[in-house]
1. Of all the residues that make up region B:63-107, how many are charged (D, E, K, R) and under 21 Å from A:Phe19 (Cα atoms)?
2. Output the helices (runs of 4 or more DSSP H) that fall wholly within region B:146-233 and possess 1 or more residues being closer than 30 Å to B:Ser8 by Cβ and modelled with pLDDT under 80, or say none.
3. So which residues in region A:4-40 are within 14 Å of chain B (Cβ to nearest Cβ), surrounded by 13 or more Cβ atoms within 10 Å (Cβ to Cβ) and farther than 22 Å from A:Gly94 by Cβ?
4. I'm trying to understand the selection: among the residues of region B:4-51, which are closer than 20 Å to B:Thr183 by Cα, of a type in the set (Gly, Ala, Ser) and more than 20 Å from the chain's Cα centre (by Cα)?
5. Kindly list the number of the only condition in (1) of a type outside the set (Phe, Trp, Tyr); (2) touching a Gly at 6+ places or on another chain (Cβ under 8 Å); (3) part of a loop (DSSP other than H, G, I, E, B) that fails for B:Pro52.
6. Name every residue in region A:62-114 that is in a loop (DSSP other than H, G, I, E, B) and of a type in the set (S, T, N, Q), in order of residue number.
7. Only one of (1) within 14 Å of chain A (Cβ to nearest Cβ); (2) surrounded by fewer than 19 Cβ atoms within 10 Å (Cβ to Cβ) is not met by B:Gly177, so which one is it?
Amino acid sequence: MTIFVNILAIFRKELQSYFLSPLAYVVAGVFWLLSGIVFVYLLLSDQGIIQEVALSEQSGIPMPPVDVPYLFLLRYLGIIGSLTSFIVPLLSMGLYAEERKAHTLELLATSPVYNWVVALGKLAGVVVFYITLLMPMLVLEFVAFAAADRPVPPAVPLLAHLALILLATALLSLGMFLSTLTSSTIIAAILTFTLVIALAMVDLVAEQLGQPFETAIAHLSLIKHYDTMVQGVFDSSSLFVFASYIILGIFLTAQSIELLRFQRS
Amino acid sequence: MIEVEHLSKRYGPHPAIDDVCFTVEPGEILGFLGPNGAGKTTTMRILSGYLPATAGTARVAGYDVHSQSMAVRQRIGYLPETPPLYEDMTVRGYLFFVARLKGVSAGDRAAQVDLAMAQCNLETEQDTLICRLSKGFRQRVGLAQAIVHNPPVIILDEPTVGLDPRQIIEVRHLIKGLAGNHTIILSTHILPEVSMTCDRVAIINHGKIVATDTPDTLMEALVGSLGYAVEVSGATQLLTQKLNAIAGVRDVQLSPLPDSARMLLHINCHGHSEPGAAIASTIIKSGGQLHAMQRTRPTLEDVFLELTTEEEPIPPVEDPEPIPDEEPIPPTEPTPEAANPEPK
């Protein structure tokens with residue numbers, strides 16, 4: 001009960017600080033602008049999906065029927081996933097670095113609250129802020145899907161967006177750990193950005209290595225699991241991998257904060 | 001309430017505190033006095049559970065600060081050296097946040113926050129963002145944060161830093177008002193603060209406790225002597241010898257007052273003797289004129305310097321000169337009972 005109250009207290013404080021932070025608004029603005037541009041481009045431009053399907057129908061070559069909403073969702077969330085990787089470092093960089101800079105870690109560390117409780121509250125706060133960022137995007141998607149010939153079954157977009165949120169949560173959790181390592185938000189952001197790039201590169205490197213590394217790494221790759229889930233394939237191993245990364249991030253954060261006490265001079 | 005036994009903390013090879021022992025009784029205010037870098041902050045951080053000690057034990061309300069950290073954290077309020085404030089919160093919002101963290105039940109929260117704000121005179125600023133507050137107000141928010149959950153033990157690391165004189169007096173009153181129901185440890189390097197607020201003083205230097213006692217006892221036992229500063233004119237020949245003959249007088253120094261025909265006498269007395277009346281009558285009988293007479297007491301500053309200055313190997317009680325004799329004007333130590341001039 002107390003733990004729940006504590007998590008809620010940290011969560012509320014964290015969420016509130018995002019809504020009061022100019023940086024968060026800049027990040028949100030850029031994210032909305034880019035996701036909007038991508039949306040319009042993918043759907044309506046000369047190279048967009050609608051045009052593509054129209055051209056292939058006009059050409060008269062018999063083709064398997066195309067599920068336009070599904071194809072769109074696949075491509076759109078692929079790009080939004082990459083975009084998310086870029087904004088995660090900006091959202092997670094201050095989680096602990098700011099506390100270290102403002103000496104407020106001393107308050108948290110001398111309050112009757114466990115380190116993992118603080119970490120969980122903070123992560124929940126930043127994830128809810130991220131979900132808020134997705135809201136305008138959902139409105140756009142809702143409008144587009146409502147115009148589809150055949151109704152889109154809700155399960156597929158729901159699963160895809162769940163995958164997006166899980167991907168963001170896993171990256172934010174690791175980013176939170178990296179922000180405990182320094183009192184400079186810039187360094188925290190650079191570290192997290194490097195990690196995100198490294199996680200993306202791992203897949204490419206694995207492909208070069210060939211079997212059995214490729215399969216082994218693919219099982220642990222956040223991006224592979226994300227792609228699978230966005231395609232509408234529900235696999236409990238994906239959930240397991242995402243949960244593992246999230247818990248790893250929280251665990252490392254708690255340990256790192258504990259270690260800070262011993263290092264302080 | 002607080003028991004510290006053989007506590008040591010090392011940062012690498014450098015000892016920050018070394019074999020520190022003291023106890024604080026329930027309801028007492030202990031002042032932690034020492035120069036910067038003496039180990040005050042380290043000791044307080046260990047007591048608050050923030051830092052682990054290298055050796056020794058510390059118990060707060062019967063709980064070990066390391067192995068029973070959560071139980072200790074529930075029972076302490078801690079104001080660190082730098083107040084831990086979130087710039088983007090309002091004073092009220094911040095105190096509510098701290099109250100939630102410290103486990104104040106939902107029903108009591110509003111009352112506790114209001115009480116803490118009232119005690120720290122923060123009501124006028126309760127809806128101000130913390131980033132807009134002056135240093136004095138920030139310090140008071142830090143103090144409110146330490147008492148918002150009404151903890152039995154309060155640890156204050158330099159609570160009056162950055163406050164103006166009026167605020168300092170208010171904070172001292174607040175701290176004194178909290179004593180009794182709360183056990184308080186406060187650190188400072190401002191000496192009058194300790195003599196005014198604390199029941200007992202622990203003087204720490206180079207990581208070691210060099211003395212623990214009440215401020216008065218420390219001053220008496222370690223410097224040991226009262227004295228008088230006397231302004232005289234007229235027949236001052238042989239006066240020194242006559243005064244030296246009075247029982248209780250240890251030594252007499254005579255110095256001319258600049259821009260005046262008067263002379264200034266510094267008379268140091270043995271401990272617990274009060275030869276003031278005899279001194280005055282001797283001066284008058286020998287034909288001198290007595291213009292002013294003031295009792296001089298060693299201040300905590302003298303004690304502190306005695307204990308923390310290494311260049312003086314002479315034991316403090318033997319030291320005959322607690323008052324510097326070059327001083328051209330009568331010492332004006334702010335001890336209230338010292339001001340009893342006896343003009344002729």
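The values are calculated or read from the model by the stated rules, or taken from the named source; none is laboratory data. Small disclaimer: the values here were computed from a predicted structure and weren't measured. Cβ atoms come from the backbone with ideal geometry, glycine included; neighbour counts cover every protein chain shown.
1. Adding up the residues that qualify gives 4.
2. Once the helices (runs of 4 or more DSSP H) in region B:146-233 are filtered for at least 1 residues that are closer than 30 Å to B:Ser8 by Cβ and modelled with pLDDT under 80, what remains is B:191-197, B:215-223.
3. A:Val5
4. The answer is B:Ser48, B:Gly49.
5. B:Pro52 satisfies every listed condition except (2).
6. Residues satisfying the conditions are A:Thr104, A:Thr110, A:Ser111.
7. Condition (1) is where B:Gly177 drops out.
Conditions (1) more than 23 Å from A:Ile247 (Cβ to Cβ); (2) touching a Pro at 6+ places or on another chain (Cβ under 9 Å); (3) within 13 Å of chain B (Cβ to nearest Cβ), marked per residue:
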residue: A:Gly81; (1), (2), (3): no, no, no
residue: A:Ser85; (1), (2), (3): no, no, no
residue: A:Val88; (1), (2), (3): no, no, no
residue: A:Tyr96; (1), (2), (3): no, no, no
residue: A:His103; (1), (2), (3): yes, yes, yes
residue: A:Glu106; (1), (2), (3): yes, yes, yes
residue: A:Ala109; (1), (2), (3): no, no, yes
residue: A:Val118; (1), (2), (3): no, no, yes
residue: A:Gly121; (1), (2), (3): no, no, yes
